[in-house]
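Enquirer: What follows is a single structure, and I will ask about it in a moment.
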Amino acid sequence: MSKPAAALVMLLALVAAGPAAGDGGSTRLGCFVGWSPLKTVSSLLCLLQGSSTFPSPKPAPTGQGLSVGYYNKSGSCPKAEQLVREAVTSATNGANRGLNAGLIRLHFHDAFVRGCDASVLLDKTASNNTDTEKTGPPNKDSLRGFEVIDAAKAAVEKECPGIVSCADILAFAARDASYILSNEKIYYEVPAGRYDGRESFADETDQLPGPGSSVQDLKKSFAAQGLSLADAVTLSGAHSIGLARCLFFKDRLSAMDPGYAATLNATCNAGGDSYKVNQDYKSPDVLDNQYYKNIDKFVLFASDAALKSSETIDQVNANAGGYGKWEKDFGDAMVKMGKIGVITSPGYGAEIRKVCSQINY
Ligand code: HEM
């Protein structure tokens, strides 16, 4: 099959994996920017659907209504953060250390779609649809760590039922995962007080930037959430951990270091499109600034290599050379991301779920 045809087939498969399964969900096909190896193909599909790419820029999220130590202050569940930390630590012990990467990504994928409302965790919604975010193209067969969040929620519910939201648990778990993977170099306080939402739609995962994104795509997708291009550069450092499937980078091996590309080529030929490789060839299990040293010949995605652009290269170089600066910036950016679209009072469409994968009935 020719390259454009293969790209079209892949994009259609990705899109079809999203909204098709629903019973009562939204009908719009998402416009997935940067998820096709060929930008022209995805742009064409977006045009055909009459969709724009990302919504207009928003002001930076204020997180009004959230506070550090939220569950201590109200006296409602003082052990909440400790219980989440224990659940994360025990679930990601030894050989399961890599699961921490999944927890960090879960928080990002929650934040960028309907804000931090744990919509990414739902299997079925108030609209009765099952084509939830989990089944959206960027998430299906990719997100991991749901069982860790479930274990944390179970522990917290046992201690203080109906008090701690799944959205807060996600934010705490991502913080704890960052602490573990950075070998305790990244630590930040998490303002809490989020409520959980009751809706989730696969097509809305088109708000997530794809691996083929250009700097302009990244700028637009982050601006649509009230985040800056500098935040995108800082948060992309999370690609110094975790895994990526061959299908997202196999078409750009020629842009990489030849020796590295040859190894990846052999691995992907043997394993196939769904085979997963480490994102950081040097220190794959450590959340550190190695990502910036890998740009641009040793990173996997076009969206990673795009950060060598004139708009972002100074920040990349500063992160690659600095000691401790990126780690501090990363914590700050995670806090900012955790403020996107939060619901901070109960009411229609907002609740504290009993089980993170289900709305309360
Ligand atoms: C800047 C735009 C971004 C793009 C285009 C992007 C894209 C991707 C893609 C395509 C994968 C591999 C998925 C697969 O093969 O199944 C991935 C993995 C990952 N991403 Fe991103 N990402 C971006 C930003 C972020 C941010 C902001 C974070 C967190 C703060 C993040 C954290 C991760 C992690 C930890 C993994 C590995 C997950 C695992 O091993 O389970 N990414 N990303």
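Enquirer: Using the alpha-carbon atoms, what tilt in degrees (0 to 90, nearest 10) does helix 80-91 show relative to the longest principal axis of the chain?
Expert: 50 degrees
Enquirer: Computing the accessible area with a 1.4 Å probe over protein heavy atoms, can you report the carbon and sulfur percentage for the range 230-334?
Expert: Accessible surface attributable to carbon and sulfur in the range 230-334 totals 51 percent.
Enquirer: So what's the net charge close to L170: Lys and Arg +1, Asp and Glu -1, counting the other residues with Cβ under 12 Å from its Cβ?
Expert: So the environment of L170 carries a net charge of -1.
Enquirer: Top to bottom by accessible area (1.4 Å), largest first, where do Y348, Y260 land?
Expert: Y348, Y260
Enquirer: Here is a follow-up. Which of the cysteines found in the chain have nothing to pair with, since no other Cys Cβ lies under 4.7 Å from theirs?
Expert: For the chain, the answer is C116, because their Cβ atoms have no other cysteine Cβ under 4.7 Å.
Enquirer: In nm, what is the difference between 0.36 nm times the number of residues separating Y361 and A318 and their Cα-Cα distance? Kindly include the intermediate steps, with their values, before the conclusion.
Expert: On the way: separation 43, 0.36 × 43 = 15.48 nm, distance 5.02 nm.
Additional length available on full extension: 10.5 nm.
Enquirer: Local charge sum around S119 (other residues, Cβ-Cβ under 10 Å, Lys/Arg +1, Asp/Glu -1)? If you can, show how the numbers build up before the last one.
Expert: Details: positive: R114, K134, R198; negative: D110, D117, E133, D196, E199, E204.
Taking every Cβ under 10 Å from that of S119, the sum is -3.
Enquirer: Let me ask you something else. Name the residue farthest towards the positive end of the dipole of the range 192-292 from the options G193, A224, S214, assuming +1 on Cβ of Lys and Arg, -1 on Cβ of Asp and Glu, about the Cα centre.
Expert: S214
Enquirer: Compute the acute angle (0 to 90°) between the alpha-carbon long axis of helix 258-271 and the principal axis of greatest extent of the alpha-carbon atoms of the chain; round to the nearest 10°.
Expert: Orientation of helix 258-271: about 70 degrees from the principal axis.
Enquirer: Now for a different question. Given Cβ point charges of +1 (Lys, Arg) and -1 (Asp, Glu) and nothing else, what value in debye, to the nearest 20, does the dipole of the chain about its Cα centre take?
Expert: About 260 debye.
Enquirer: What pairs from K185/K282; K58/K339; K276/K325; K58/K328; K79/K185 go past 21 Å between their alpha carbons? Don't jump to the answer; show the numbers that get you there.
Expert: Working: K185/K282 18 Å; K58/K339 13 Å; K276/K325 30 Å; K58/K328 24 Å; K79/K185 23 Å.
In this structure, K276/K325; K58/K328; K79/K185 exceed 21 Å between Cα atoms.
Enquirer: Something else now. Taking the Cα centre of the chain as the origin and placing charges on Cβ (Lys, Arg +1; Asp, Glu -1), which of F248, L83, I313 is farthest toward the positive end of the dipole?
Expert: It is I313.
Enquirer: On to the next question. Quick one: compute the contact order of the range 130-198, relative version, from alpha carbon pairs under 8 angstrom and 6+ residues apart, as a percent.
Expert: 25 percent
Enquirer: Once label points are set 7 Å from the Cα along Cα→Cβ at both V68 and D332, what is their separation, rounded to one decimal in nm?
Expert: 1.4 nm
Enquirer: Next question. What number, rounded to the nearest 500 deg cm²/dmol, is the helix-based mean residue ellipticity at 222 nm of the chain, given -39500 (n - 2.57) per DSSP H run of at least four residues and division by all its residues?
Expert: Mean residue ellipticity at 222 nm (helix-derived): -12000 deg cm²/dmol.
Enquirer: Give me the accessible area per residue for the chain, probe 1.4 Å, as a whole number in Å². Mind showing how you got there, number by number?
Expert: Numbers: 14890 Å² over 361 residues.
Accessible surface, normalised per residue, equals 41 Å².
Enquirer: Enter the angle in degrees (range 0 to 90, nearest 10) between the Cα long axis of helix 325-337 and the first principal axis of the Cα atoms of the chain, meaning the one along which they spread out most.
Expert: Helix 325-337 sits roughly 60 degrees off the main axis of the chain.
Enquirer: Over the alpha-carbon set of the chain, work out the extent along each principal axis and list the three values in angstrom, largest first.
Expert: Principal-axis extents of the Cα atoms in the chain, largest first: 58, 49, 39 Å.
Enquirer: Rounding to the nearest 20 debye, state how big the charge dipole of the range 230-334 is about its Cα centre with +1 on each Lys and Arg Cβ and -1 on each Asp and Glu Cβ.
Expert: Details: 10 positive and 14 negative charges, 67 e Å.
For the range 230-334, the charge dipole is close to 320 debye.
Enquirer: Evaluate the relative contact order of the range 230-334 (contact order divided by residue number), counting alpha-carbon pairs under 8 angstrom at least 6 apart; express in whole percent.
Expert: Reported relative contact order: 36 percent.
Enquirer: What accessible area, in Å² to the nearest ten, does a 1.4 Å probe give for D285?
Expert: The accessible area of D285 comes to roughly 70 Å².
The values are calculated or read from the model by the stated rules, or taken from the named source; none is laboratory data. In this text, all values refer to a predicted model and were calculated from it rather than measured experimentally. Note: ideal-geometry Cβ built from the backbone for every residue, glycine included; neighbour counts use all protein chains shown. Side chains included, ligands, DNA and RNA excluded: accessible areas come from the protein's heavy atoms. Shrake-Rupley method; radii C 1.70, N 1.55, O 1.52, S 1.80 Å.
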